[in-house]
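The values are calculated or read from the model by the stated rules, or taken from the named source; none is laboratory data. What you are looking at is a predicted structure, and each value in this text was computed from that prediction instead of being measured. Here the Cβ positions follow ideal geometry from the backbone for every residue, glycine too, while neighbour counts run over all protein chains shown.
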Amino acid sequence: MPEMPSPTCRPPLVLWGVLAAAVWQSAGLWTDLDSPYLVGGLPALVLWSCPVALWWLGPGPRLWNRRPGQILVWLALLCLLGGILADLNVLRHGALAFSLAALWSWRRERLLWLAGAALWLPAGGWAACRMINFPPNVLMGLRVAVAILLALFGAWSVAREKGWRT
């Protein structure tokens, strides 16, 4: 029978609460699907978060790194509180990104994956439509394509950490 990791190697319960609150506060991501700034954002979010699910569901150790994980939890909590108090969706969505990132063991290469959250954020869609002048159908294709690349990169990182053959 495999040895269970100590409780300090698992994400704290507060992280699950922050994640649940961030999901609830970010409800516009899956209810406001008519927004031109959200075109392709939901599939990109699902693809982007697949490596986290792979880390939890795949075979191998699931030891949570306490120091970086706690920093991400605090960032998620600060973004969530700021988003609620200032009524800014971009902070609420940032809280969702940080809390998802805090769920798995943190490694330096995953910083690129975390930065990819801008891909599914409605604020990223706004910037692409307003500043770069992308049409919505092009934006959707780009979001999904880059999300696939980030998911593959995250899966490679998980495989590397868990010692799977790569």
Any idea how many residues of segment 44-77 are of a type outside the set (Val, Ile, Thr), exposed (fewer than 15 other Cβ atoms within 10 Å of the Cβ) and within 21 Å of residue 90 (Cα to Cα)?
-> 1
Answer from 89, 137 - the residue that is closer than 17 Å to residue 42 by Cα and at pLDDT 85 or above = 89
What is the one condition in (1) at pLDDT below 85; (2) within 29 Å of residue 141 (Cα to Cα); (3) loosely packed, with under 14 Cβ neighbours inside 10 Å that residue 24 does not satisfy?
-> (1)
Restrict the check to segment 130-144 and report whether at least one residue is under 16 Å from the mean Cα position of the chain (by Cα) and either among the small types (Gly, Ala, Ser) or surrounded by 15 or more Cβ atoms within 10 Å (Cβ to Cβ) (or both).
-> yes
Would you mind stating whether residue 30 is assigned to a helix (DSSP H, G or I), closer than 30 Å to residue 136 by Cβ and without any contact (Cβ under 8 Å) to a residue 12 or more places away in the chain?
-> no
So residue 39 fits all but one of (1) closer than 17 Å to residue 148 by Cα; (2) within 15 Å of the chain's Cα centre (by Cα); what number is the exception?
-> (2)
From 33, 29, 38, 15, residue being closer than 25 Å to residue 159 by Cβ and either hydrophobic (A, V, I, L, M, F, W, C) or touching an Asp or Glu at 6+ places or on another chain (Cβ under 7 Å) (or both) = 15
